[in-house]
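See structure below.
The values are calculated or read from the model by the stated rules, or taken from the named source; none is laboratory data. Please read these numbers as outputs of a predicted model, since none were measured by experiment. Positions of Cβ are generated from backbone atoms using ideal geometry, with glycine treated the same way; all protein chains shown enter the neighbour counts. Just so you know, the surface numbers come from the protein's heavy atoms only, side chains and all, with ligands and any DNA or RNA stripped out. Shrake-Rupley method; radii C 1.70, N 1.55, O 1.52, S 1.80 Å.
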Amino acid sequence: MSTTIGEQRARQGATLTDHRCRICGGELHEVFDLGRQPVSNAFAKPEDADKVPFFRLAVGACTSCTMVQQLDTVPPYEMYRADYPYRASGSLLIRRHFEDVARHIIETCPGGRDGFVVEIGSNDGVMLKTLSEAGMRHLGVDPAASAGEVARSHGVNVRTDFFNAETAADIYSEHGHANLIFSANTFSHISYLDSIFEGVGTLLAPDGLFVFEDRSLADILRHNYFDQIYDEHIYLFSVSSVQAMAAHFGFELVDAEHLPLHGGSIRYTVARRGALEPSPAVEKFVAQEKADGLAEKEEAAFVRFSSDVNRIKTDLVSLLHDIRSEGRRVVGYGATSRSATVLNYCGIGADLLPLVCDSTPEKQGRVTPGSKIPVCPPDAFTDPYPDYALLFAWNHAEEIMAKERLFQEKGGRWILYVPEVHTI
Ligand code: TMP
Ligand code: ZN
């Protein structure tokens with residue numbers, strides 16, 4: 001795996017063992033530990049499988065602002081290399097979601113159709129493509145060069161870069177204010193949010209909106225989505241912690257909306273302090289999070305979660321052992337980033353799961369990080385069908401099960417491991 005992204009810039013904000021809250025400097029108390037884990041998207045060629053970097057995956061909650069976050073920070077240049085394989089357009093559901101987001105932005109962007117929209121973490125342009133087709137001024141900012149190339153081939157303007165205070169100032173001097181800054185499933189990946197907010201402060205128009213979507217901590221805990229915890233997810237946002245974070249950086253959380261995506265996400269809308277009256281939805285979420293023990297007593301919520309996750313590990317490994325001893329075939333479906341946590345936490349290797357199929361060409365022919373299971377194209381699933389398929393891409397379950405109806409019709413069974421191990 002080659003590194004073409006400037007290490008100097010990529011290192012920004014990367015402290016390896018800083019156990020203070022990255023947002024407010026408060027004290028972090030550890031709430032959950034998944035042990036040593038590899039970089040989740042380090043799908044290496046088989047001969048490079050032992051070169052994949054490992055780190056400690058443990059999360060803590062801030063005793064002051066409640067932000068749940070990883071204790072250690074993996075340097076961004078280890079996670080987002082030039083050959084970073086994740087492609088947001090891999091799923092129909094995701095493509096539809098971002099087309100809807102784009103249409104919503106076109107209709108509601110402050111500044112109207114002449115508005116300028118900046119996306120932080122534009123990946124392969126799945127959202128901006130629709131804005132570009134509508135003729136709207138836009139710019140995607142993303143350090144992953146290969147994903148940016150795909151976006152450009154769809155007519156999307158991309159700056160291959162990390163978004164931070166410095167690049168935001170540069171964008172402002174070239175393009176002027178942004179009326180809307182959008183980000184999906186990226187913001188929680190960035191350790192140096194102080195620099196991001198400084199950049200948003202420079203770039204955003206006085207009445208502009210900063211809108212971002214991310215997985216919700218409440219859903220992660222409620223449904224035992226322990227695999228949502230991996231290197232890239234530095235923060236596990238809740239409405240309470242995002243509200244505190246926005247205030248800390250001189251902004252205000254003015255709206256929050258629950259989305260069904262990725263097992264449960266929230267769309268946060270942030271404005272400059274005092275620019276807009278916050279929607280009652282914000283306080284409703286905060287009250288619910290207090291009642292669920294997420295805003296003050298995270299530790300108790302995580303104790304129950306840890307014990308459930310431990311049971312998932314025991315049940316999943318025991319099921320895979322049974323399948324092997326019965327001489328039946330099982331394959332993994334979807335070499336997701338999340339699968340790295342499941343496979344490495346449960347100690348599952350190619351002896352229990354001989355292959356994982358995935359539609360992403362960039363992952364095929366490589367092995368899963370740490371667990372070293374070969375990643376094969378989708379025809380490895382159909383030819384012939386296995387007896388069982390372990391569904392790592394559970395967030396796309398409906399789409400995948402519909403597409404692979406024949407598998408179940410021929411007697412195949414899906415294995416799901418959240419909220420508990422079960423077969424369908
Ligand atoms: P994600 O959950 O992080 O979006 O990753 C989903 C992974 O699953 C991605 O590597 C693509 C893969 N995938 C398939 O192999 N087949 C499918 O039908 C879908 C929807 C995803
Ligand atoms: Zn804090």
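Key figures
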quantity	calculated
Rounded to whole Hz, the Karplus (6.51, -1.76, 1.60) HN-Hα couplings of the stretch 78-86, x for glycine and proline	7, 8, 10, 7, 4, 9, 3, x, 5
Given charges at Cβ of Lys, Arg, Asp, Glu: the chain dipole, positive-most of Ala247, Ala168, Ser359	Ser359
Options Ala151, Ser216, Ala102, ranked by Cα towards positive dipole end of the stretch 88-297, top entry (Cβ charges)	Ala102
Residue-by-residue Karplus 3J(HN,Hα) for the stretch 149-159, coefficients 6.51, -1.76, 1.60, Hz, glycine and proline x	4, 4, 4, 4, 5, 9, x, 9, 7, 10, 10
Theoretical gain in end-to-end length, Asp308 to Asp379 [0.36 nm per residue, Cα-Cα removed]	22.1 nm
Degrees separating the helix 92-108 axis from the principal Cα axis of the chain, which is the longest one	10 degrees
Per-residue ³J(HN,Hα) for the stretch 403-419, Karplus 6.51 cos²θ - 1.76 cosθ + 1.60, θ = phi - 60°, Hz, x for Gly and Pro	5, 9, 4, 4, 4, 6, 4, 8, x, x, 10, 7, 9, 10, 10, 10, x
Nonlocal amide H pairs with Ser265, under 5 Å, H built at 1.01 Å	Ser216, Leu259
14 Å cut-off, amide nitrogen to a point 7 angstrom out along Gln288 Cα→Cβ, residues in the stretch 218-233	218-223
Expected 222 nm ellipticity per residue - DSSP helices of 4 or more, -39500 (n - 2.57), all of the chain, to 500	-9500 deg cm²/dmol
Selected from Ala301, Phe54, Pro369, residue furthest toward positive end of dipole (the chain; charges at beta carbon)	Pro369
Computed over the stretch 121-174: relative contact order in percent, which uses C-alpha pairs under 8 Å that are six or more apart	35 percent
Surface share of carbon and sulfur [accessible, 1.4 angstrom probe, percent] for the chain	49 percent
Size of electric dipole in the chain: Cβ of Lys, Arg +1 and of Asp, Glu -1, about Cα centre, debye, nearest 20	560 debye
Solvent exposure ordering (accessible area, 1.4 Å, most first) of Arg215, Arg311	Arg311, Arg215
Sum of side-chain charges, Cys376 neighbourhood, beta-carbon under 11 Å (Lys, Arg +1; Asp, Glu -1)	-1
Solvent-accessible area per residue, Å², over the chain with all protein chains present [probe radius 1.4 Å]	39 Å²
Other-chain or far-sequence residues with amide H under 5 Å of Ala58's (modelled H)	Leu34, Leu71, Asp72
Value of relative contact order over the chain, rounded to a whole percent, pairs C-alpha under 8 Å and six or more apart	15 percent
The stretch 277-383, relative contact order in percent, only Cα pairs under 8 angstrom and at least six apart counted	19 percent
Over 30 Å (Cα to Cα) - which of Lys372/Lys403; Lys129/Lys284; Lys284/Lys363; Lys290/Lys372; Lys363/Lys410; Lys284/Lys313 fall in this group	Lys129/Lys284; Lys284/Lys363; Lys290/Lys372; Lys284/Lys313
Within the stretch 316-423: Cβ-based charge dipole about Cα centre, in debye rounded to nearest 20 (Lys, Arg +1; Asp, Glu -1)	180 debye
